[in-house]
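Q: Take this structure first; my questions come after.
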Amino acid sequence: MLTCLCDIYFGEVGIATVRILEHLGCEVLFDKEQTCCGQPPYNAGDWASARQVAGLTMRALLDSEDPVVMPSASCAAMVREGYPILYEGLAHPQVFELGEFLVHQMKVRSWPVTATTIPAKRKVAFHRACHGRGIGLTDEQEILVGSLPWVQLVRFKQGDQCCGFGGAFSVTHGSVSAGIGMEKLENIMHAGATEIVSGDMGCLMHLNGLIRKNKLPLKTRHFAELLAEAIA
């Protein structure tokens, strides 16, 4: 499942995800009937609309017994934790966030580098998304990224702080949302990182918007893109 943000804004993350899974020998299937997971209205408290939005995706995912892998912790959290609330008594798909699937299901802890051209060494700050912590993710994504020989992971002040996005929160509380995000970016720059990597496209979209608006010397990447770079 690619998620809405991947479909609209982060197509390269979807391509990278498929390359990663196929590189490990997985057969990747994509049901074109899937749409939004329903998280926006769910988080806003409009559960009736959430059921309408999520219904099509719910049925599409249940058509298969194969594990569902998502390059997004927030959407994985919605399907794994929100759907049992919206659809009580129904069977639910087996859902994994991408890093979680690679480390715990595929047993990969050091990413196999097969690319002939090795990128230049760079300092990377890793942002842990709030929803990832909510579904029990710890350092799975960082383990994979940190195993790349050209990546130097740097620690920064208040590393566990939220990026400020919060979905609809960034719209209803724009100034607070931007302030939280800017504090995170300032801490990252102070640590000397030039790149921000995360496993959640909502966080990346929010932080990248602040970076562009304020002309900061940072760029954002999804961790799947870094792993795909290592594949020949």
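Q: When you go through I188, I196, I211, I180 one by one, which is the residue that is β-branched (V, I, T) and not in a helix (DSSP H, G or I)?
A: Of I188, I196, I211, I180, the one residue that is β-branched (V, I, T) and not in a helix (DSSP H, G or I) is I196.
Q: Now a separate question. Looking at region 149-173, which of the residues that are surrounded by 13 or more Cβ atoms within 10 Å (Cβ to Cβ) and part of a helix (DSSP H, G or I) is modelled with the highest pLDDT?
A: Going through region 149-173, the residues surrounded by 13 or more Cβ atoms within 10 Å (Cβ to Cβ) turn out to be 150-154, 156, 159, 161-170, 173.
Of the ones still in play, those that are also part of a helix (DSSP H, G or I) are 169-170.
Values: F169: 85, S170: 89.
Looking at the filtered set, the residue picked out is S170.
Q: Inside region 64-90, can you point out the residues that are loosely packed, with under 14 Cβ neighbours inside 10 Å and either touching a residue at least 60 places away in the same chain (Cβ under 8 Å) or over 21 Å from Q105 (Cα atoms) (or both)?
A: Once the filter is applied, which keeps residues that are loosely packed, with under 14 Cβ neighbours inside 10 Å and either touching a residue at least 60 places away in the same chain (Cβ under 8 Å) or over 21 Å from Q105 (Cα atoms) (or both), region 64-90 yields P84, I85, E88, G89, L90.
Q: Can you tell me which of R80, R59 is in a helix (DSSP H, G or I) and under 26 Å from T220 (Cβ atoms)? Steps first, please.
A: Working: R59 fails: under 26 Å from T220 (Cβ atoms).
Answer to the check: R80.
Every residue, every condition in (1) outside any helix (DSSP H, G or I); (2) small (G, A, S); (3) over 16 Å from E97 (Cα atoms), yes or no:
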site: M1; (1), (2), (3): yes, no, no
site: C26; (1), (2), (3): yes, no, no
site: Q34; (1), (2), (3): yes, no, yes
site: P40; (1), (2), (3): no, no, yes
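Q: Another one. Could you identify the single residue in R19, R59, R80 that is charged (D, E, K, R) and under 18 Å from G202 (Cβ atoms)? Can you show your working first?
A: Values: R19 fails: under 18 Å from G202 (Cβ atoms); R59 fails: under 18 Å from G202 (Cβ atoms).
Within the list R19, R59, R80, the selection yields R80.
Q: Test A125 against the criterion of being aliphatic (A, V, I, L, M) and at pLDDT below 95, and give yes or no.
A: Working: aliphatic (A, V, I, L, M): yes; at pLDDT below 95: no.
Against the criterion (aliphatic (A, V, I, L, M) and at pLDDT below 95), A125 does not qualify.
Q: Among the residues of region 133-148, what is the count of those that are more than 13 Å from H222 (Cβ to Cβ) and in a helix (DSSP H, G or I)? Break it down into steps so the answer makes sense when it comes.
A: Within region 133-148, the subset more than 13 Å from H222 (Cβ to Cβ) is 133-140, 142-143, 146-148.
From what is left, the residues that are in a helix (DSSP H, G or I) are 133-134, 140, 142-143, 146.
Number satisfying all stated conditions: 6.
The values are calculated or read from the model by the stated rules, or taken from the named source; none is laboratory data. Here the structure is a predicted model, which is why all the values come from computation and not from measurement. Counting neighbours? That spans all protein chains shown, and the Cβs are built from the backbone with ideal geometry, glycine included.
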